[in-house]
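Below is one structure, written out as structure tokens; comments come after it.
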Amino acid sequence: MWTQDGGFGAPGDPSNQSLIVPNAVFYKTANILGFDRSETQKLFLSFIFLSIIISFGVFSSLISKNYFVRICGLVTYLFNFYMVTSIGYSAKTLQMILIPLIFFLTIRFLKTKDIKYILLSYISLYIFQGVFTNLPTAAVSLSSYFFALLYYLFCEKNKNLKITLRNFLFLLIPIVPIITHHGIIYTTVVSAMKDMPTYFSFTAIGAPLSLLFQLRGVWWEKSGHLGVNYFSLWSFYGNLFVVASTIVAVGAIIIYSIKTTWSNKLESKTRTAYWLFFYLFGLGLSSGLYFLPGFYSWLMNHLPFMIMFREPWAKFIPLVVFSFSALVLVLLDYLARFDRRGFVVVSLLLVTHLLVQSYPFVSGKIIDGEVVGWKRRLVKIPEYWEQYSHWTKNNQGVILPIPFGVTPFNSFYDWYGNSIGNSILPMPCILAKTNVICDNVFDKYVTILKKSLDKHSFEILTNGGVDFILIQEDLKITSNNELFDWQKEDVQKYIESKPTATFGNKLKLYRVIEKYRKPKIYIISSNSSTPSSSFVQLSQADYSVSIPKVSTPFTLVFNQAFNKEWKITNKDNANRFEARHFIVNGFGNGWEVDPKLACKQLPCDINLSVNFMPQKYFSKSTMINTFFLLISSISIVAIAINKLLRKP
């Protein structure tokens, strides 16, 4: 729960803790098997797409047995603007897996009462729990349980309301441990945010219905920087023919769906009405303030936690994509059985639309859109950066990269000129296996450092904490060079003359002069003789500290980012010290320790534990969920074997 994010650590937040499963497990396994980063990324994307295909495939079996109809529904779900813009955003792609899968498992359980669907529901949510890296995305995904319940109540015959609700609650019970697990992560983050000097909140009010009708409408669609569009496929989606084919196909689906609600076939009528209402409901939410502005404003101001849906298009458009794809299934299934002429007309329009929408996927531009300049999706990391990554794994310490303070808007890694592979990402932070001070992290140390750099000074290094300076020669500054040119010269007085390590003659790591280096844990005393101390790091969240023969009060300094959840305890009697916890050096942890509270007789040896308390709750919830996963998996295998043995 305490990570190496930032130079001096940070509470584990959803951007890393919630993505342990499946992302971290997948990448770690691939690394052990010998796959490089590029191969692993391709495998992971293949795994995601295959999971989406399987998920929607089983969902479509609820609606139609016609394979052409099911393929049309699947391709509609895959080939659209939202899917194109979601590649690389784990929460969104995992959501596209979970929404149809949860819907299918819920309906099947309510129909059959078969416990295997409860077990599969838990296993699915466990495997794709990375969706919780974005809380509103997770909330929308989980809403699929309730949309499935409404579908069952509205469309299924011979149901008992009381029994159905009881079974539905029974279905939800197993997901409580997973929700609790991620609740611990979010609770820790919310607590830490109160101490952050800066908190940025972005709001995008919504999207016009004219764009939503095309499954488009994201705020950055037409935006750019330095003459380069954020979205490389804007010219494609803005093309008149692409727009026309989309409007004609979507319009035909909606018109024929409305017509189907007048059918005398009750089953088709109710199913079409449900998905049509679901689609319109999703459109309304996705449009935000554009659709019934007063209503959405009222929701934002009065509904608890509604503020997390401050970017309505990104949060609710998956419901539109899902419901529209289901509407395609329902409509084509009905037309195939009762209106062959309508089936041919709608199929031709839809297939034409889908062929056009397949262009980004077939051409490969979904991965790299031939954008020149500062932004490209396809990144090819040079070998010397891999060497840097390996070095940091074996040499732990706090690294400060130079130049510091650059952004994606005034710099990029110019590895290949105008060819494919350059990046704007903060490579020292992404690839390191140790602590790196990142200028995109809003913690107390970075705030102090930036104030010091505004004065063209690295004097903050004299306070200790930083072990290495990384000078990058491959980072190209595109503007405001004068803000960074001085850094390489001024930092020389704080570092050793020769580099500790060099990578590709582009990266040079210098060790900070010894007098400016301080251990992670040390003692400060007002007396002339400062007690000696030693410590052992047991984990990122657990340290053991020994202070021998101490008789006077002292301050224990812990050079990790200040957080009130760091606690010290006396290992000898397991009693927590009544020690004042405060900020040291503007960013670290300090405790005033009085030996009289720890020892019966002075001088004495004091043995302390320094722990990040949320870790124990996180570890316990991890073990509980892993245990449930094993039980669920074994049970599914046992059910399958039993079913095979019963066959004649």
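The values are calculated or read from the model by the stated rules, or taken from the named source; none is laboratory data. Since the model is a prediction, treat every value here as computed from it, not as a measurement. Positions of Cβ are backbone-derived with ideal geometry, glycine not excepted, and every protein chain shown enters the neighbour counts. Just so you know, the surface numbers come from the protein's heavy atoms only, side chains and all, with ligands and any DNA or RNA stripped out. Shrake-Rupley method; radii C 1.70, N 1.55, O 1.52, S 1.80 Å.
Any chance you could give the angle, 0 to 90 degrees and rounded to 10, that helix 135-155 forms with the longest Cα principal axis of the chain?
Long axis of 135-155 versus the principal axis of the chain: about 20 degrees.
State, as an integer percentage, the relative contact order of the chain based on alpha-carbon contacts under 8 Å between residues 6 or more apart.
The value is 14 percent.
From the square roots a ≥ b ≥ c of the eigenvalues of the alpha-carbon gyration tensor of the range 310-356, which class results: rounded (a/c under 1.5), prolate (a/b over b/c), or oblate?
oblate
Please give the peptides 66-75, 241-250 ranked by average Cβ packing (other Cβ atoms within 10 Å per residue), highest first, as a rough proxy for protection.
66-75, 241-250
May I ask you to derive the relative contact order of the range 1-72, considering only C-alpha pairs under 8 Å and at least 6 residues apart, and to give it as an integer percent?
13
List, in the order given, every pair from K564/K620; K451/K616; K450/K567; K42/K222; K380/K444; K493/K616 whose Cα-Cα distance in the structure shown is over 31 Å.
Exceeds cut-off: K451/K616; K380/K444; K493/K616.
Rounded to a whole number of µm²/s, how large is the Stokes-Einstein D of the range 555-648 at 4 °C and 1.567 mPa s, given Rh as the Kirkwood radius over C-alpha pairs?
Roughly 76 µm²/s, to the nearest whole number.
Amide H to amide H under 5 Å from E156: which residues, 5+ apart in sequence or cross-chain, H placed 1.01 Å off N in plane?
The answer is none.
Roll a 1.4 Å probe over the protein chains and send me the accessible area per residue for the chain in Å².
Working: 30580 Å² over 648 residues.
With all protein chains present, the chain gives 47 Å² per residue.
With all protein chains present, how much of the accessible area of the range 1-148 (probe radius 1.4 Å) comes from carbon and sulfur, to the nearest whole percent?
Of all accessible area on the range 1-148, carbon and sulfur atoms account for 67 percent.
Based on Cα coordinates alone, diagonalise the gyration tensor for the range 393-548, multiply each eigenvalue by 5, take square roots, and list the semi-axes in whole Å, largest first. Walk me through the intermediate numbers first.
On the way: eigenvalues 201, 64, 43 Å².
Ellipsoid half-lengths, sorted descending, are 32, 18, 15 Å.
Mean shadow of the range 51-173, computed from the convex hull of its alpha carbons, in nm²?
One quarter of the hull surface, i.e. the mean projection, equals 7.8 nm².
What do you get for Rg/Rh over the range 516-608 if you use C-alpha atoms and the Kirkwood form of Rh?
My calculation of the ratio gives 0.93.
Please list, ordered by chain and number, the residues whose modelled amide H lies under 5 Å from the amide H of T3; skip anything fewer than 5 residues away on the same chain.
Close amide H contacts, sequence-distant or interchain: A10, G12.
Which Cys residues of the chain have no other Cys Cβ less than 4.7 Å away and so no disulfide-compatible partner by this rule?
C72, C155
Could you tell me how many degrees, from 0 to 90 and to the nearest 10, lie between the Cα long axis of helix 293-302 and the main elongation axis, the longest principal axis, of the Cα atoms of the chain?
Helix 293-302 sits roughly 40 degrees off the main axis of the chain.
Order the peptides 627-640, 604-617 from the highest to the lowest mean number of other Cβ atoms within 10 Å of their residues.
604-617, 627-640
Let me know the Kirkwood hydrodynamic radius for the range 448-523, please, with Cα pairs as the basis and the value in Å to one decimal.
Values: mean 1/r = 0.0735 Å⁻¹.
This gives a value of 13.6 Å.
Out of all Cα-Cα pairs in the range 271-347, roughly what percent, to the nearest whole number, are more than 21 Å apart?
Tail fraction, whole percent: 42.
Could you state the number of Å between the C-alpha centres of the range 573-648 and the range 400-431?
So the separation of the two Cα centres works out to 37 Å.
Which lysines, if any, have their Cα less than 29 Å from the Cα of K157, not counting same-chain residues under 8 positions apart?
Of all the lysines, those that pass the test against K157 - Cα under 29 Å, at least 8 places apart if same chain - are K65, K111, K113, K116, K259, K265, K269, K643.
What is the percent of Cα-Cα separations in the range 123-164 that go past 12 Å?
Numbers: 574 of 861 pairs.
Of all Cα-Cα pairs in the range 123-164, 67 percent lie more than 12 Å apart.
With a ≥ b ≥ c the root eigenvalues of the C-alpha gyration tensor of the range 1-89, is it rounded (a/c under 1.5), prolate (a/b larger than b/c) or oblate?
On the way: a/c = 2.78, a/b = 2.17, b/c = 1.28.
It is prolate, given that a/c is not under 1.5 and a/b is the larger ratio.
At a Förster radius of 41 Å, what calculated FRET efficiency corresponds to the Cβ-Cβ distance of E267 and I641, to the nearest 0.05?
Here the calculated transfer efficiency is 0.70.
Per-residue HN-Hα couplings for the range 412-427, Karplus 6.51 cos²θ - 1.76 cosθ + 1.60 at θ = phi - 60°, whole Hz, x for Gly and Pro?
7, 7, 8, 7, 10, x, 8, 7, 6, x, 5, 9, 10, 6, x, 4
Rounded to whole Hz and in sequence order, give me ³J(HN,Hα) for the range 378-383 from the Karplus expression 6.51 cos²θ - 1.76 cosθ + 1.60, θ = phi - 60°, writing x for Gly and Pro.
3J(HN,Hα) across the range 378-383, in whole Hz: 7, 10, 10, 6, x, 4.
With a point put 7 Å past each Cα toward its Cβ, work out how far Y416 is from D490 in nm, to one decimal.
Label at Y416, label at D490, 3.6 nm between them.
Can you compute 3J(HN,Hα) from phi for each residue in the range 617-622, using the Karplus curve 6.51 cos²θ - 1.76 cosθ + 1.60 with θ = phi - 60°, rounded to whole Hz and x for Gly and Pro?
After applying 6.51 cos²θ - 1.76 cosθ + 1.60, I find 5, 5, 5, 5, 5, 5 Hz.
As I understand it, the value is the acute angle between the Cα axis of helix 240-260 and the longest principal axis of the Cα atoms of the chain; what does it come to in degrees, rounded to 10?
The angle comes out at about 60 degrees.
Just one of [x] 49; [y] 69; [z] 58 is percent of Cα pairs over 36 Å apart as worked out from the coordinates here. Which one is it?
Recomputing percent of Cα pairs over 36 Å apart here picks out [x].
Can you list residues from other chains, or at least 5 along the same chain, whose modelled amide H is less than 5 Å from the amide H of D572?
Here the answer is N607, since their amide H atoms fall under 5 Å of that of D572.
Taking 8 Å as the Cα distance limit and 6 or more residues as the minimum spacing, I'd like the relative contact order of the range 529-648 as a percentage.
28 percent.
Along the charge dipole of the chain, pointing to its positive end and built from +1/-1 on Cβ of Lys, Arg, Asp and Glu, which listed residue (N31, I639, I184) has its Cα farthest out?
I639
Hey, what number do you get for the chain at 222 nm if only DSSP H runs of n ≥ 4 count, each worth -39500 (n - 2.57), divided across all residues, to the nearest 500?
On the way: 22 runs with 314 residues, N = 648.
Rounded to the nearest 500, the figure is -15500 deg cm²/dmol.
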